1. Would you please name the residue that is farthest from Glu122 (Cα to Cα), looking only at residues in the range 72-102 that are polar (S, T, N, Q) and assigned to a helix (DSSP H, G or I)?
2. Is it true that Asp227 is assigned to a loop (DSSP other than H, G, I, E, B) and within 25 Å of Met62 (Cβ to Cβ)?
3. Before we move on, is Thr82 among the hydroxyl-bearing types (Ser, Thr, Tyr), at pLDDT 95 or above and touching a strand residue (DSSP E or B) at 6+ places or on another chain (Cβ under 9 Å)?
4. Might you check whether a residue that is open to solvent by 70 Å² or more (accessible area, probe 1.4 Å), among the aliphatic types (A, V, I, L, M) and either closer than 19 Å to Ile173 by Cβ or not in a strand (DSSP E or B) (or both) occurs anywhere in the range 236-250?
5. Is one or more of the residues making up the range 147-156 open to solvent by less than 70 Å² (accessible area, probe 1.4 Å) and assigned to a helix (DSSP H, G or I)?
6. Every residue in the range 98-120 that is surrounded by 14 or more Cβ atoms within 10 Å (Cβ to Cβ), of a type in the set (S, T, N, Q) and modelled with pLDDT under 95, please.
7. Please give the number of the condition Gln208 fails out of (1) touching a residue at least 40 places away in the same chain (Cβ under 8 Å); (2) touching a strand residue (DSSP E or B) at 6+ places or on another chain (Cβ under 8 Å); (3) open to solvent by 80 Å² or more (accessible area, probe 1.4 Å); (4) among the polar types (S, T, N, Q).
8. Here are some residues: Ile192, Ile173. Which one is closer than 30 Å to Ser250 by Cβ, modelled with pLDDT of 95 or more and either assigned to a strand (DSSP E or B) or open to solvent by 80 Å² or more (accessible area, probe 1.4 Å) (or both)?
Amino acid sequence: MKKNIVIAILIIALVGAVGYIGYDKVWSEKNPKQTNEKQKEIETEPKEEVLETTDQVVLNAMNKINSAWGYYCGTDSVYMTTKKVTAADISNDFAYVTVMNKLATDTNSPVPASRLDKAIDEIFGKDYQFEHKNYSSCPMYSYDAATGNYNFVGSACGGTCGPTNIKEIVKAIKKDQTLEIYIRVIFSNPEIAEGERYSYCKDSNLEQIVGYLSYEDRIYNEEQVTDLVSKGSLYKFTFKLEDGNYVFYSSELQ
């Protein structure tokens with residue numbers, strides 16, 4: 001009796017499986033467009049690759065935009081704001097000091113405008129509109145339209161930086177044509193201090209204090225620094241692949 005029940009159950013399961021396969025085959029034959037579109041959708045979904053935060057691709061992308069002439073404390077004030085920042089939002093003045101920071105040499109040789117164009121394409125993309133003219137900077141270069149060169153004028157400049165923001169790359173994802181880098185940051189506010197310990201804030205408006213750190217704390221108290229950074233704001237930097245090179249696309253508060 002039990003044997004007959006088991007056999008019956010197996011037969012029912014087999015019939016059900018055959019019926020489902022048959023139905024699926026018939027449905028696919030009657031709806032080839034939907035089936036193909038579904039398959040195509042699966043195949044075209046962008047593949048994600050999680051990169052190490054220390055991957056050279058990640059570091060190279062961020063190094064492109066982390067420094068500029070005159071920005072002694074870094075460029076966070078441009079990219080880490082309360083609003084989304086796109087490449088189109090970057091002023092020509094800032095683009096100029098960003099690329100010249102990388103192109104100018106210790107010998108103060110003339111810098112061809114063509115080299116600026118190439119550097120700007122590699123950092124901000126080919127769609128970025130840049131005008132060649134004289135820009136205020138330190139050191140100072142003057143644009144000569146006749147030769148197409150930026151010529152050294154003088155370097156009587158300098159500056160210092162107090163407590164800097166503390167940042168940590170916490171995640172990096174490569175998707176098809178984009179690279180997303182997530183950075184957590186706490187913003188320094190030297191205007192508010194407790195003795196030798198300066199305040200650090202969650203927000204770029206310096207309104208939400210998360211703690212205080214001294215120079216020594218930053219060097220020797222890694223646990224405290226890590227704890228404060230974990231309370232900071234999270235920003236997503238997006239770079240787009242263009243001619244085999246990742247260019248800045250946007251940055252935004254998460």
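The values are calculated or read from the model by the stated rules, or taken from the named source; none is laboratory data. Note that the structure is a prediction, hence the values are computed from the model and not measured. Positions of Cβ are generated from backbone atoms using ideal geometry, with glycine treated the same way; all protein chains shown enter the neighbour counts. Surface accessibility is based on the protein's heavy atoms, side chains included, excluding ligands, DNA and RNA. Shrake-Rupley method; radii C 1.70, N 1.55, O 1.52, S 1.80 Å.
1. Restricting attention to the range 72-102, the residues satisfying the condition of being polar (S, T, N, Q) are 75, 77, 81-82, 86, 91-92, 98, 101.
With the extra rule that they be assigned to a helix (DSSP H, G or I), the set shrinks to 77, 92, 98, 101.
Working: Ser77: 22, Asn92: 15, Thr98: 12, Asn101: 14 Å.
Filtering first and then ranking leaves Ser77.
2. On the way: assigned to a loop (DSSP other than H, G, I, E, B): no; within 25 Å of Met62 (Cβ to Cβ): yes.
No.
3. Working: among the hydroxyl-bearing types (Ser, Thr, Tyr): yes; at pLDDT 95 or above: yes; touching a strand residue (DSSP E or B) at 6+ places or on another chain (Cβ under 9 Å): yes.
Judged against the criteria, Thr82 is a match.
4. No - not one qualifying residue is present in the range 236-250.
5. No, because not a single residue in the range 147-156 is open to solvent by less than 70 Å² (accessible area, probe 1.4 Å) and assigned to a helix (DSSP H, G or I).
6. Asn101, Asn108 - these are the residues of the range 98-120 that are surrounded by 14 or more Cβ atoms within 10 Å (Cβ to Cβ), of a type in the set (S, T, N, Q) and modelled with pLDDT under 95.
7. Answer for Gln208: the failing condition is (1).
8. Numbers: Ile192 fails: closer than 30 Å to Ser250 by Cβ.
After applying the criteria, what remains is Ile173.
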